[in-house]
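Enquirer: Have a look at this one before I ask anything.
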Amino acid sequence: MAVMTNQISTSQRFILGLQHTLAMFGATVLVPLLTGLHPSVSLLTAGLGTLLFHLVTGGKVPVFLGSSFAFIAVIQAVAKTEGLEYATGGIVIAGLVYLVLAGLVWLFGIDRIRSFFPPVVTGPMIMVIGLTLSPVAISMSSSHWPVAIITLLAVMATSVYAKGFLKLLPIVSGVVVGFVAAIAFGKVDWTPLIDAPFFALPPLMLPKFSMSAIAMIAPLGLVTMVEHIGDISTNGAVIGKDLIRDPGLHRTLIGDGLATSLAGLLGGPANTTYSENTGVLAVTKVYDPGIIRIAAGFAIVMAFIAKLGALLQVLPDSVKGGISIILFGMITSVGIRTVVDAKVDFTNSRNLVIAAVILVMGLGGAAIPINESLQVGGMALAALVGIILNKLMPEHLTAEAEAVLTGHD
């Protein structure tokens, strides 16, 4: 049963808002720490993006927007070859992809759009995201495995054994325990924290644009749209409203897309709807979107506390690695759960072929050159091929086709 808003005092509303801020905090600041972007900018763009989302959706949806993990691998890849400015330029365009998708949803209806993204396509696509990131987690953990393992165990213990609100904060708990362990092992360089002022403007960064970066990053809008639909559906189920119909999926997509483009314009990571905050809604049964906006305000204020950003920057790679083992593995597990929950029939060779091609194209580094400076590869290519195969291959193959695909006479 939902708690009535008029039963909550102003001070309690602020406490509830702070709780939502804490729920999103660990994941939102981890993405910039893994990609080279600045945590303070990420907090600022998460807060501003959330307020923009609420404006577009008429304040009807109690959703918080934070840093998206789906973009980590492509941001790292573009940053390595062209620079972070070009990665944020790709993020700006990825946000605009959402606007195109919103227009298609409004024009054709949600059911027709969903037909392009059945579980046999989306499940393997999500798996590719997690598996592509796994070497990053191992690389960071290998800088000091004892600290990484302690961090990993702290996350696991909090997820399994913690009670109440603490159970919603396994990432924060892991970071705290891992950081203490890193201090004990003498693996923390305090210089950035000592040199940083208490308050400062977040170091905003203007984007730059290149076709190669856009081709690598922008198509992820197709993948994260699936995540968006799932999060909005789950949020609606928790609060007992059909948010897909009112305010409408096209409005939530526009809000998410504009928030992502705004983040890219300011030098932050792509935004996405956060299931962590939906979990808080389910526990507290307080569904007032105004409390989420209070949380957004806290995030914006925290962005200007330079000591906080510096503290996050001194976090050792081993701690981030231990956290990432869980997070990236969970992304892969979500992909597996997607196909299991949908009961995808892998005795059907059609489904086997679609999943196999997506996995190999996504993990094998396949790329198709467009011209001398532009190619489509990785997750973008895997998603594109999966969508095409799903539409071209018939739902029910003939016996002859089954024999060819399975190698049986």
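Here, each number is a calculation from the coordinates, and none is a lab measurement. Source: prediction; values computed, not measured. Note: ideal-geometry Cβ built from the backbone for every residue, glycine included; neighbour counts use all protein chains shown.
Enquirer: Short version: ³J(HN,Hα) in whole Hz for each residue of region 23-32, in order, from phi by Karplus 6.51 cos²θ - 1.76 cosθ + 1.60 (θ = phi - 60°), x for Gly and Pro, what are they?
Expert: Along region 23-32, the couplings run 5, 8, 4, x, 5, 5, 7, 5, 4, x Hz.
Enquirer: Relative to the longest principal axis of the chain, what angle (0 to 90°, nearest 10) does the C-alpha long axis of helix 220-239 take?
Expert: 60
Enquirer: Here's a follow-up. Can you give the longest stretch of the chain with no exposed loop site, where a site means GluC sites (Glu not before Pro) in a DSSP loop (not H, G, I, E or B) with at most 15 other C-beta atoms within 10 Å?
Expert: After excluding every exposed loop site, the longest remaining stretch is 1-371.
Enquirer: Straight-line reach only, C-alpha to C-alpha below 27 angstrom: list the lysines that Lys241 could link to, leaving out same-chain residues fewer than 8 apart.
Expert: Hits, sequence-local ones excluded: Lys60, Lys167, Lys285, Lys343.
Enquirer: Express the relative contact order of the chain as a whole percentage, based on alpha carbon pairs under 8 Å and six or more residues apart in sequence.
Expert: Taking the mean separation of contacting Cα pairs over the length of the chain, I get 34 percent.
Enquirer: Something else about it: Compute the acute angle (0 to 90°) between the alpha-carbon long axis of helix 289-303 and the principal axis of greatest extent of the alpha-carbon atoms of the chain; round to the nearest 10°.
Expert: Helix 289-303 and the main axis of the chain meet at about 70 degrees.
Enquirer: Tell me which residues come under 5 Å, amide H to amide H, from Leu65 once H is placed; ignore anything under 5 positions away on its chain.
Expert: Long-range HN contacts for Leu65: Thr50.
Enquirer: Once you treat every alpha carbon in region 148-287 as an equal point and sum by Debye, what is log10 I(q)/I(0) at q = 0.14, 0.19 Å⁻¹?
Expert: Relative scattering, expressed as log10 I(q)/I(0), comes to -1.02, -1.15.
Enquirer: Still on this structure, I have one more. List, in order, the whole-Hz ³J(HN,Hα) value for each residue of region 335-345 obtained from phi through the Karplus relation with A = 6.51, B = -1.76, C = 1.60 and θ = phi - 60°; use x for Gly and Pro.
Expert: x, 5, 4, 4, 6, 5, 4, 7, 6, 5, 8
Enquirer: Right, something else. For Rg/Rh (Cα atoms, Kirkwood Rh), the listed values are (1) 1.07; (2) 0.97; (3) 0.95; which was obtained by calculation from the structure presented?
Expert: (2)
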